[in-house]
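The block underneath contains the structure these notes are about, expressed in structure tokens.
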Amino acid sequence: MDMERPKTGWPASLGLVELSSIARGIETIDRMLKAAEVELVLARTICSGKYIVLVAGELDMIEASVEAGRAVAAECMIDSFIIQNVHPDVVPALSSTVVPQNRAALGILESFSVAALIEAIDRVAKAALVEMVECRLAMALGGKAFLVFTGDVEAVKESVEAGAEVIAERGLLVNKIVIPDPRPELFETLL
């Protein structure tokens, strides 16, 4: 179920470069922002000594920005992506933990790569009607990232498979789990 993004105030596309060097990451921010008219969404260190730069904007601008980022990242680049027509749940999922309304099932995706997980969030949100619960990006996780979401059992199963496919294509899937009818106490451990 592909949700339509709002008409105003929402980026058409996202681009990310994940690096093995903090110093090169900071240089990459500068180059990406100078290369095109994009909005800096996130730029920070992540475990284990890695750095990520995430930008939003129109597709042609994102392509130019990410291309410039990949060029300066060079041998320090771990991963990158461009997502066109990004789902509106992706950016909020990166920075929030919410108490879900529908608790019929819980889906969990775990990745060795931040970039692969963020790309998977878009696929999860587009695959079925699910609600993002929690997303953690590499901090105190040894560089791994995970996403937790909820919804009806079939929707969660469909979204887990769709998201896992994105991560597995890169050989970076740690695990994928579907928990039908989770106990309410389980949600307390997530918040």
Ile82 vs. criteria buried (at least 21 other Cβ atoms within 10 Å of the Cβ) and within 25 Å of Glu158 (Cα to Cα): no
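Report whether or not Ser96 is under 17 Å from Arg170 (Cβ atoms), modelled with pLDDT under 95 and either buried (at least 20 other Cβ atoms within 10 Å of the Cβ) or out of contact with any helix residue (DSSP H, G or I) (no Cβ under 7 Å at 6 or more places or on another chain) (or both).
Spelling it out, it is not the case that Ser96 is under 17 Å from Arg170 (Cβ atoms), modelled with pLDDT under 95 and either buried (at least 20 other Cβ atoms within 10 Å of the Cβ) or out of contact with any helix residue (DSSP H, G or I) (no Cβ under 7 Å at 6 or more places or on another chain) (or both).
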Exception for Arg170 within (1) in contact (Cβ under 8 Å) with a residue 12 or more places away in the chain; (2) over 20 Å from Cys47 (Cα atoms) falls at (2)
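Select, from Val66, Val72, Val55, the only residue that is β-branched (Val, Ile, Thr), within 12 Å of Val17 (Cβ to Cβ) and more than 18 Å from the chain's Cα centre (by Cα).
Val72
The values are calculated or read from the model by the stated rules, or taken from the named source; none is laboratory data. Since this is a predicted model, take the numbers as computed values, not measurements. Note that we place each Cβ from the backbone using ideal geometry, even for glycine, and neighbour counts take in every protein chain shown.
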